[in-house]
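Following: one structure in structure tokens, then a few remarks.
What follows draws every value from the coordinates through simple rules; no lab data is involved. Values in this document were obtained by computation on a predicted structure and should not be read as measured data. All Cβ positions, even for glycine, are placed from backbone atoms using ideal geometry, and neighbour counts span all protein chains on display.
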Amino acid sequence: MKERPIVSEQEMLRQREFMKLVKAMDIRPQSYHIVSMGCQMNERDSESIAGMLSEMGMAAEPVRENADLILYNTCCVRENAENKALGNVIWLKELKKDKPELMICVGGCMTQEKGMAAMMKKRYPFIDLVYGTHNLYKLPEYVYRVLTEKRPVVEVMDIDGEVVEGMPERRRNHFNAFVNIMYGCDNFCTYCIVPYVRGRERSRTPEAVIAECVRLQDEGAQEIMLLGQNVNSYRGGGAEFAELLYRIDKLGIPRIRFMTSHPKDLSDELIHAFGELSHLMPQLHLPVQAGSDEVLKRMNRSYNREHYLELVGKLRAVKPDIGLTSDIIVGFPGETLAQFEETMSLVRQVRFDAAYTFIYSPRTGTRAASYPDDTPYEVKSERIQRLIDLQQAISLEVLQQQVGERETVLVEAVSTRNAGAVGGKTPRGHMVNFPGDASLIGKFVEVEITSAGRNTLRGRQIMTEE
Ligand code: 5AD
Ligand code: SF4
């Protein structure tokens, strides 16, 4: 991974000036609503966006229709993500008819796609601001320009990307936090658009990452999730990812997790970290994508089935109760029934705690988009349904094995389905719901697991004597 320039402090100060200028304006949006689509990296970006908009004097508005500024932070990893984003944005045109002063902003991965910004400028002139993934830090300047120039601003930078430090932020909560450690991806899996829209791999320095973790710890963080498209190829200031983890573990934040890992870069040092680091949770998201060597090769994944299974064996030798989850693509161009069966058999063999399954979606500009693909969509649908059924049965068995166990749960929220219950995760990453109220949010609670549902566990709080 190459060293990448850091956006200068001077530039960040310039953006702070724009925040002040917007804040001082008489006529400007007073409230904002952000719609964050896609992955955790986008969610983390949305926290920076919220920080910048707050600094501009706007208040968070939970109801989209009531906000003066609506911002879509988009995803384009699969076609349906893109369609959803576009559908939503087109609908805003109607809203703007009733509320002409509404400011509509669209950014994130979709706008960074080749030709997309130009298309949006032409077809959706009611959008006030279109920006990409590499210039998010310039949001204050762009908002200022929209307000003063009174015409749409469309700015997408076609560069490999830089590292940005020092953006304001407004976090979702104080107890569990996302921390970016690297950006971009150089792997060019043949189906994936990410390397095209997120640019080349670049890492933050260990010092910047650790300073952020320390700050979050001071603010009460109980859990941090280290984020990167491919965390295993982290190379900040020459340090490898495993070294960074050892340093972060020493800080004493109770729980550390990370995602996403590429199997080709999962080092022995990192595997051993699961046995050695007291704060690293026994959970790993390790996307396999397919169980057939032939398909893996055409996906350009750089590992084969045997290597993946070997990694799983090593991980379980170090940490027998590690919770493994995965991403799997069904119906990659040319996937035969026999090759799909190899994915099924791998899933049976590994027994993931959970798997996110996707039907292959061609993405313009990627290599696989030009591969011949003659499997009918119905056949792909049948295959994915078989895979989902299999994984659900395995997930249920894994969850049932937890019944009767005592677990420490970090409570995240009041249950959406039941106001008298709260939910949080076990160290292995299983979601547990149990009777309780909002006062428990952000706290560790001892819970006995009483039953298993399809995707979550149920439990009851164990009352300890003071
Ligand atoms: N089609 C289907 N799934 C995809 N993913 C990435 N690109 C595509 C695509 N073109 C899946 C992969 C990846 C996850 C984030 O999304 O499984 O791990
Ligand atoms: Fe996409 Fe592959 Fe990079 Fe993951 S590792 S973001 S699947 S190109």
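On the stretch given as the range 168-191, residues that are closer than 18 Å to Q112 by Cβ and either over 15 Å from the mean Cα position of the chain (by Cα) or outside any loop (DSSP other than H, G, I, E, B) (or both) total 8.
Scan the range 141-156 for residues that are farther than 20 Å from R16 by Cβ and touching a residue at least 12 places away in the same chain (Cβ under 8 Å) and jot them down.
Of the residues in the range 141-156, the ones farther than 20 Å from R16 by Cβ are 149-152, 154, 156.
Within the range 141-156, P152, V154, V156 qualify.
Of the residues M37, M12, M25, M41, the single one that is more than 15 Å from C105 (Cβ to Cβ), aliphatic (A, V, I, L, M) and under 17 Å from the mean Cα position of the chain (by Cα) is M41.
If I filter the range 226-257 down to residues being part of a helix (DSSP H, G or I) and within 16 Å of ligand 2 (Cβ to nearest atom), which single residue comes out as surrounded by the most Cβ atoms within 10 Å (Cβ to Cβ)? Steps first, answer last, please.
Of the range 226-257, the ones part of a helix (DSSP H, G or I) are 231-233, 241-249.
Next, from what is left, pick out any that are within 16 Å of ligand 2 (Cβ to nearest atom): 231-233, 241.
Details: V231: 24, N232: 20, S233: 21, F241: 27.
Taking the candidates together, the pick is F241.
Scanning the range 164-197 for residues that are within 26 Å of I359 (Cα to Cα) and either buried (at least 21 other Cβ atoms within 10 Å of the Cβ) or in contact with a strand residue (DSSP E or B) (Cβ under 7 Å, 6 or more places away or on another chain) (or both) yields Y183, G184, C185, C189, Y191, C192, I193, V194, V197.
Going through (1) in a helix (DSSP H, G or I); (2) more than 14 Å from ligand 2 (Cβ to nearest atom) one by one, G220 falls short only on (1).
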